[in-house]
Amino acid sequence: MEDNKENVCSAAPTLIFACSGAADVGAIADRAARKLTADGAGKMYCLAGIGGRVPGILKTTEEAEKILAIDGCPLDCTKLSLEEAGFTEFEHIKVTDLDLEKGKSPATDENIATVVQAMLLKLSD
């Protein structure tokens, strides 16, 4: 019988890292990354593994063709985590730069779609 388990550490052309913070804009960033993954734009990947310097996650990230970073707010935790691990070439979006205000922007389908569309535009540039 064939083993069909997906290798979660296998390389993908585009890896997506997202804030998953406690604020509503963190939830939007997380859900936008999941939507981009579901739509086939890339593969959501483990930001905690970047912060923890997990060797397999770092290696897979180094091999990615593209890296996307989605931050919820101006603290830029996703961007800074990637940079601290030595990654400098990536597309970056901040939810609060898209007229979504921290503490006043629930994770609705509409707000998530705003972030997804902005990231797709960045990818097409």
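A few remarks follow.
- Matching residues, the stretch 83-119, being among the aliphatic types (A, V, I, L, M), over 18 Å from Gly21 (Cα atoms) and surrounded by fewer than 21 Cβ atoms within 10 Å (Cβ to Cβ): Ala85, Ala113, Ala118
- Any chance Thr88 is under 20 Å from Thr14 (Cβ atoms), assigned to a loop (DSSP other than H, G, I, E, B) and either of a type in the set (S, T, N, Q) or touching a residue at least 40 places away in the same chain (Cβ under 8 Å) (or both): yes
- Flag if Leu68 is modelled with pLDDT of 95 or more and in contact with a strand residue (DSSP E or B) (Cβ under 9 Å, 6 or more places away or on another chain): yes
- The set of residues from the stretch 91-112 being in contact (Cβ under 8 Å) with a residue 60 or more places away in the chain and assigned to a helix (DSSP H, G or I) comprises Val95, Thr96, Asn111, Ile112.
- Residue list for the stretch 51-82, restricted to those being part of a helix (DSSP H, G or I) and surrounded by 14 or more Cβ atoms within 10 Å (Cβ to Cβ): Gly51, Ile57, Leu58, Thr60, Thr61, Cys77, Thr78, Lys79, Ser81, Leu82
- Residues in the stretch 16-42 that are without any contact (Cβ under 8 Å) to a residue 60 or more places away in the chain, in a loop (DSSP other than H, G, I, E, B) and over 11 Å from the mean Cα position of the chain (by Cα): Gly21, Ala22, Gly40.
- Candidates Ala41, Ala29, Ala48, Ala22: the one that is surrounded by fewer than 14 Cβ atoms within 10 Å (Cβ to Cβ) and either farther than 17 Å from Thr108 by Cα or modelled with pLDDT of 95 or more (or both) is Ala48.
The values are calculated or read from the model by the stated rules, or taken from the named source; none is laboratory data. What you see is a predicted model, and the numbers here were worked out from it, not measured in a lab. A quick note on method: Cβ atoms are made from the backbone with ideal geometry, for glycine too, and the neighbour counts reach across all protein chains shown.
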